[in-house]
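Reading through the structure tokens given below for one structure.
The values are calculated or read from the model by the stated rules, or taken from the named source; none is laboratory data. Everything numeric in this text was worked out from a predicted model, so none of it was measured. Here the Cβ positions follow ideal geometry from the backbone for every residue, glycine too, while neighbour counts run over all protein chains shown. Each accessible area value is taken on the protein alone, full model and side chains, heavy atoms only, with ligands, DNA and RNA left out. Shrake-Rupley method; radii C 1.70, N 1.55, O 1.52, S 1.80 Å.
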Amino acid sequence: MSFYPICAEYNDAPLAEQFGSVTEHDVRRALNKTTLSPEDFLALLSPAAVPFLEEMAAKASQLTLQHFGRTIQLFTPLYMANFCTNKCVYCGFNTKNKIPRSQLGPEELEKEAEAIAATGLKHLLILTGDARAKSSPEYIESAVEILRKHFPSVSIEIYAMTEEEYARLIEAGVDGMTMFQETYNEELYPELHPAGPKHDYRFRLDAPERACKAGMRVVNIGALLGLDDWRHDALKTGIHAAYLQNKYPEVDIAVSLPRIRTHVGDAFTPKSLVSDTALVQNMLALRIFLPRCGITISTREAPDFRENILPLGVTRMSAGVSTEVGGHTCEEEEKVGQFDISDERSVDEMCEVLRKHGYQPVFKDWHPLQEAS
Amino acid sequence: MNNDIFKLGGLEFESRLLTGTGKYADDSVIPDVCEASGSQIITVALRRVDLESDTGNVMDFIPKHMQLLPNTSGARTAEEAVRIARLAKAMGCGNWIKIEVISDNKYLLPDGYETAKATEILAKEGFVVLPYVNADLYIARSLVDAGAAAVMPLGAPIGTNRGLKTREMVRILIDEIELPIIVDAGIGRPSEACEAMEMGADACLVNTAIATASDPALMGRAFGRAVKAGREAYLSGPGAKHSHAKASSPLTGFLHEG
């Protein structure tokens, strides 16, 4: 069993009709329940729920406070390489894009790690392009060895791997993985990912489950909102998260809510415009459907917006972000990122902002379990 | 009443309220909560402790007089809990440990079997082991055998503020288990802590209800007083409750006439 047949049912379902047929009564019923079904989740994502956003916000806010308190965990990405063999039409790392490509060696990694660690951050997310030959599992393992000297928690956002490969990385000290399905729409997916290993929809779809099976502590999933109708992808993402949470209760399941951003290279027109209201509705519905699910908001979002949504369900935020390879130590003119970020505030500035809003920035929320010597 | 000392792990405490360090908007409020509540024992998740940090280390905010109770939050198995306990000791957090083994992140209910295994290993190593468990007589008995210093049954699932939902089961533990019974998790209102103490619980641990209150120090004070009031009520021996009205002229009174 995998999530694939469940997802296939949703892909085959007349979702536009289902969203359109939700009534005010359905939304109220969902809001009054303590344990929500997938149908309730669909109701909260529907156009009929838009007039209920304030009620949804009150419930989501209360649930978030109850389960997570007034805390926000901070992390930052480290781009180790931008070689890529994919042709994803919306991505700056697309192999067709003529951008400077590079990969950090051990010394550069050490320097980059030191620069990030100096900001106080303890949770690191490492990224590579999808190029196994360049960023092999062995390369990532050796990088993790270096990084773990500086960070108690190292997560990966890299190409889809086998269960055995995930197990090896866990052994090396990786404790979290992020895998964006980009879009769950199986028909649309190959158009957006015309070539490269990422073309394999199902191998990617099942990657989070393989990581769960391998023993990953935290598994973070998401769709790149805007590639397909946001409601469709939001629904399938939530159902996917619920599937993983139910089947692997020992794993912390989290969801990221990234909206598509501009990037270097060919212009790409997103299929669906994801407004601020839409993103908020998505977050509120997700929080009410899965009260204990982590929700990550990245620096793709603008500073004001990030601050305003703080009480609505967010549990993790990136800060001090650079999407360039070696971006924390390289010169400004060398920088070519995967996408443009909106919130360029430093870690210190983010902490100040969080405290101003009554939230504690949490730098460390995990301790590696090696035996004491 | 002045001699009502709470004995735990070979130490003596005046307060029967244990507090926590999680979920605060700002750790700097912790000293105020400790002072206002009178609590003398405080639990801290080892996974949040960062001794390398120059600033923002939760340990910096825990008053020196508090008995530190590191917890194994994040452990999914007995083995992980044991590792965390040993790490906590190696880091200088002392030999008290609150065992939390949770492998269901949806409901955060404790795994009694794994908890008992970890308790046995750590008690043999000389830890003062305080296991967080479901309110279950069999688990509690196994914890007694494993060498626990107390049993910490939940009142309701962690962080729910739903109150003493396990009332009847906790009552059985109070009646049957020789170890101190510390009601942990789920208590959302001071009145609920008071009720647990009235029933005869030895102490209560409260975190979420205090940390997420608008005024944590004031809520801490309220809990401190409620726990004390409940304890005093218990010690005073409240009159028995009756399910039926007691007739002022009993129906069998005639038997004693003449």
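Quick rundown of the values:
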| quantity | calculated |
| --- | --- |
| Highest-fluctuation residue, A:25, A:328, A:193 considered, GNM on chain A with Cα pairs under 10 Å | A:25 |
| Relative contact order for chain A, counting Cα pairs under 8 Å that sit 6 or more residues apart, in percent | 24 |
| Antiparallel content of DSSP bridges confined to chain A, in %, to 5 | 5 |
| Shielding of B:38-49 by partner chains, average beta-carbon count, 10 Å | 2 |
| Average partner coverage of A:357-369, which counts Cβ from other chains inside 10 Å | 6 |
| Karplus (6.51, -1.76, 1.60) ³J(HN,Hα), θ = phi - 60°, over region A:117-126, in Hz, Gly and Pro reported as x | 4, 5, 7, x, 5, 10, 10, 10, 10, 9 |
| Nearest-20 debye value, chain A charge dipole, Cβ charges on Lys, Arg, Asp, Glu | 560 |
| Cross-link partners of residue B:7 among aspartates and glutamates (Cα-Cα below 13 Å; sequence separation of 8 or more within a chain) | B:178, B:202 |
| In order through region A:73-83: 3J(HN,Hα) via Karplus (6.51 cos²θ - 1.76 cosθ + 1.60), integer Hz, x for Gly, Pro | 7, 9, 8, 9, x, 10, 7, 8, 7, 10, 5 |
| Contact order normalised by residue count of region B:82-226, Cα under 8 Å, 6+ apart, percent | 16 |
| Whole-angstrom gap from region B:15-70 to region A:117-152, using each part's C-alpha centre | 32 |
| HN-Hα J in Hz across region B:60-67 - Karplus 6.51, -1.76, 1.60, θ = phi - 60°, x for Gly and Pro | 5, 9, 8, x, 4, 7, 6, 7 |
| Student exercise, chain B dipole from Lys, Arg, Asp, Glu Cβ charges, in Debye to nearest 20 | 300 |
| Pairwise FRET efficiency - residue B:252 versus residue B:91, Cβ, R0 = 56 Å, nearest 0.05 | 0.25 |
| Surrounding net charge for residue B:192, when Lys and Arg each add one and Asp and Glu each subtract one, Cβ distance under 12 Å | +2 |
| Degrees between helix A:137-147 axis and first principal axis of chain A (Cα, 0 to 90, nearest 10) | 80 |
| Between 0 and 90°, nearest 10: helix A:53-68 axis offset from chain A longest Cα axis | 50 |
| For region A:32-110: relative contact order, % (alpha-carbon pairs under 8 angstrom, 6 or more apart) | 18 |
| Accessible-area value, residue B:23, 1.4 Å probe, nucleic acids and ligands omitted, Å² | 30 |
| For residue B:96, distant residues with modelled amide H under 5 Å away | B:128 |
| Dipole moment magnitude, nearest 20 debye, the protein assembly as shown about Cα centre, only Lys, Arg, Asp, Glu C-beta charged | 1080 |
| Carbon/sulfur fraction of accessible area - region A:207-319, other protein chains in place, 1.4 Å, % | 52 |
| Volume of the Cα convex hull of the protein assembly as shown, divided per residue and given in Å³ | 178 |
| Nonlocal amide H pairs with residue A:360, under 5 Å, H built at 1.01 Å | A:71, A:72 |
| Fluctuation leader among A:114, A:209, A:324 - chain A, Gaussian network, Cα springs under 10 angstrom | A:114 |
| Among B:25, B:36, B:193, residue whose mean-square fluctuation peaks in a GNM of chain B (springs only between Cα atoms under 10 Å) | B:25 |
| DSSP beta bridges in region A:69-218 [antiparallel fraction, %, rounded to 5] | 5 |
| Under 12 Å, Cβ to Cβ, from residue A:13 - net charge with Lys/Arg +1 and Asp/Glu -1 | -3 |
| Accessible surface, per residue, of chain A when the full set of protein chains is kept, probe 1.4 Å, Å² | 38 |
| Candidate lysines for bridging to residue A:87, where Cα separation is under 25 Å - those fewer than 8 sequence places away on the same chain excluded | A:96, A:98, A:134, A:198, A:236, A:271, A:335 |
| For residue B:44, residues with placed amide H under 5 Å, excluding near neighbours | B:69, B:71 |
| Efficiency of FRET between residue B:52 and residue A:32 - r from beta-carbon atoms, R0 56 angstrom, step 0.05 | 0.75 |
| Beta bridges by DSSP in the protein assembly as shown, antiparallel share as percent, to the nearest 5 | 5 |
| Mean ellipticity per residue at 222 nm, deg cm²/dmol - from DSSP H runs of n ≥ 4 across chain B, formula -39500 (n - 2.57) | -10500 deg cm²/dmol |
